[in-house]
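These notes concern the structure reproduced below.
The values are calculated or read from the model by the stated rules, or taken from the named source; none is laboratory data. Being a predicted model, the structure only gives us computed values, none of them experimental. For neighbour counting, all protein chains shown are included, and Cβ atoms are generated from backbone atoms with ideal geometry for every residue, glycine included.
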Amino acid sequence: MSDPTDTTSSLAPEADQHSVAGKVVIVTGAGRGIGQGIARHLGRGGASVVAAEWRPDRLENVTTELTDLGVPHLGVVCNVMEQASIESMVAAAMAEFGRVDGLVNNAQTFASTKPIAETPEADIDVLITSGVKGTLWAMQAVYPHMRSQGWGRIVNFGSAAGVTGGEGFAAYNASKEAIRALTRTAAREWGRDGICVNAICPASAGHRLPPGDDDPIRKAVWNRMYDNHPMGRDGDPEYDIAPVVRFLCTDACRYLTGQTLMVDGGGVLFA
């Protein structure tokens, strides 16, 4: 009788464990910054990319780029603040490729920094909806497809500011920590379905330039991180952040789930 706990017999060759070739991966917020870098990197690695982006002009930019790279892809206008929009995007991915192997929940709306005593309900609402609900809805939409194929990878986005309690970011921090909680819960519930669910906390990257003097709260948080940063630099979306996301979308992370990886150049160090 075969051993039901033996999962090594179906493993791909070792080199293929680190590959996304032939995988179909959804990247939300793919139109710029970290999301765009991830879409490019996964595409260069052989994945078919579903670029989900709510702004048509940004979507056109990234799909043009993927076309020029020869990457199989599908561009879908998607508003992560609307569950129906997310479900429609996943349905379009299934119609185009017949499967969904990976989901990268990168998209989220942002709100300006404010002291916690002055944080309005509207900021909480927009960040919870775009971040927590959007992440949950996307995970729920891909889950039946990943479960039926017995394999799936989900990468959610937390934040170093949420981990450290960066001042001025109360609404943002609350939403990012809630996303990490969803990550751990999904990892526990879906692990036996062959689905690994992890989170990353990337350093600020790409389009998020150092804040000016007109935003003293954000500037103080920025300076605190980079004044004592081991590498002394920001992360590059494609070459620093995306390779970790790619790893989390492969067979190589098959025994890693429910974890948060600080992809921040050592900006936040733990014992």
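Within the range 198-236, the set of residues being modelled with pLDDT under 85 and of a type in the set (Asp, Glu) comprises Asp213, Asp214, Asp215, Asp227, Asp234. Restricted to the range 106-120, and to residues that are of a type in the set (A, V, I, L, M) and modelled with pLDDT of 90 or more, which residue is nearest to Asn79 (Cα to Cα)? Here the answer is Ala107.
Any idea which of Met81, Met94 is among the hydrophobic types (A, V, I, L, M, F, W, C) and in a helix (DSSP H, G or I)?
It is Met94.
For first residues located in the range 85-101 and crowded, with 17+ Cβ neighbours inside 10 Å, partners that are part of a helix (DSSP H, G or I) and lie 6+ apart or on another chain with Cβ distances below 6 Å form the pairs Ile86/Trp137; Ile86/Ala138; Ile86/Ala141; Val90/Ala141; Val90/Val142; Val100/Ala93; Val100/Val142; Val100/His145. For the range 156-203, the tally of residues that are more than 17 Å from the chain's Cα centre (by Cα), farther than 25 Å from Glu121 by Cβ and hydrophobic (A, V, I, L, M, F, W, C) stands at 1. Taken over the range 138-162, the criterion of being touching a Ser or Thr at 6+ places or on another chain (Cβ under 7 Å) and modelled with pLDDT under 95 is satisfied by no residue. The set of residues in the range 161-191 that are in contact with a Leu (Cβ under 7 Å, 6 or more places away or on another chain) and crowded, with 23+ Cβ neighbours inside 10 Å comprises Ala171, Tyr172, Ser175.
Ala187: out of contact with any Pro (no Cβ under 9 Å at 6 or more places or on another chain) and either more than 19 Å from Ser85 (Cβ to Cβ) or at pLDDT below 95 (or both), yes or no?
Details: out of contact with any Pro (no Cβ under 9 Å at 6 or more places or on another chain): yes; either more than 19 Å from Ser85 (Cβ to Cβ) or at pLDDT below 95 (or both): yes.
Criteria met by Ala187.
Within the set Thr28, Thr67, Thr63, the sole residue that is in contact (Cβ under 8 Å) with a residue 12 or more places away in the chain and surrounded by fewer than 22 Cβ atoms within 10 Å (Cβ to Cβ) turns out to be Thr63. Contact annotation: residue pairs with Cβ atoms under 6 Å, 6 or more positions apart or on different chains, pairing a residue in the range 174-198 that is among the β-branched types (Val, Ile, Thr) with a partner that is crowded, with 19+ Cβ neighbours inside 10 Å and not in a helix (DSSP H, G or I), are Ile179/Asn156; Ile179/Gly158; Thr183/Asn156; Thr183/Val197; Thr183/Ala199; Ile195/Gly152; Val197/Ile154; Val197/Thr257.
Taking strands (runs of 3 or more DSSP E) as the structural unit, those lying wholly within the range 152-271 and holding at least 1 residues that are within 22 Å of Thr113 (Cβ to Cβ) and of a type outside the set (A, V, I, L, M) correspond to 152-157, 195-202.
Of the listed requirements (1) β-branched (Val, Ile, Thr); (2) closer than 25 Å to His18 by Cβ; (3) within 17 Å of the chain's Cα centre (by Cα), Val71 misses just one: (3).
Check whether at least one residue in the range 11-18 is closer than 30 Å to Ser130 by Cα and either at pLDDT below 70 or surrounded by 13 or more Cβ atoms within 10 Å (Cβ to Cβ) (or both), and report yes or no. No, the range 11-18 contains no residue that is closer than 30 Å to Ser130 by Cα and either at pLDDT below 70 or surrounded by 13 or more Cβ atoms within 10 Å (Cβ to Cβ) (or both).
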